[in-house]
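Below is one structure, written out as structure tokens; the observations come after it.
The values are calculated or read from the model by the stated rules, or taken from the named source; none is laboratory data. It should be emphasised that the depicted structure is a prediction, and the values quoted were computed from it without experimental measurement. Cβ placement follows ideal geometry from the backbone for every residue including glycine, while neighbour counts extend to all protein chains displayed.
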Amino acid sequence: MKTIARRLGKLEERFGVSKKDRFLLIVTVSGQHLALDSDRCIEILNESGFIPPSGVTLAHLCDIPKGLNASETESFLRREGAKICGR
């Protein structure tokens, strides 16, 4: 049983689904200026539960509409976070 658990652990680490590893890929549009910086956007998505604590996540910040102020951007992220993070 220990051998199987160890092998499964190695496979989970290799494929990025282990409980301890988290890989986050952030996609943005070059030259697009948002009211909030990308770090704050990721914090909001993380606080809202759209970014899992482990595994691989792709965050499409390029889906945020242009012209939103900071509070509108935050509410958009909280409302549309599942779409932005591909869930």
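Would you be able to say whether some residue in the range 60-81 is touching a Leu at 6+ places or on another chain (Cβ under 9 Å), at positive phi and loosely packed, with under 13 Cβ neighbours inside 10 Å?
No, there is no match, as no residue in the range 60-81 is touching a Leu at 6+ places or on another chain (Cβ under 9 Å), at positive phi and loosely packed, with under 13 Cβ neighbours inside 10 Å.
Which pairs turn up if I take residues in the range 35-57 that are within 20 Å of Ser71 (Cβ to Cβ) and look for partners that are of a type in the set (A, V, I, L, M, F, W, C) and exposed (fewer than 13 other Cβ atoms within 10 Å of the Cβ) with beta carbon separation below 7 Å, at least 6 apart in sequence or on another chain?
Ala35/Ala70; Leu36/Ala70; Phe50/Ala82
Tell me, yes or no, whether the range 35-57 has at least one residue that is of a type in the set (Gly, Ala, Ser) and assigned to a strand (DSSP E or B).
For the range 35-57, residues of a type in the set (Gly, Ala, Ser) and assigned to a strand (DSSP E or B): present.
So is Gly31 under 10 Å from the mean Cα position of the chain (by Cα), assigned to a loop (DSSP other than H, G, I, E, B) and more than 10 Å from Ile84 (Cβ to Cβ) or not?
No.
Among (1) in a helix (DSSP H, G or I); (2) aliphatic (A, V, I, L, M); (3) modelled with pLDDT under 80; (4) surrounded by 13 or more Cβ atoms within 10 Å (Cβ to Cβ), where does Val17 come up short?
(1)
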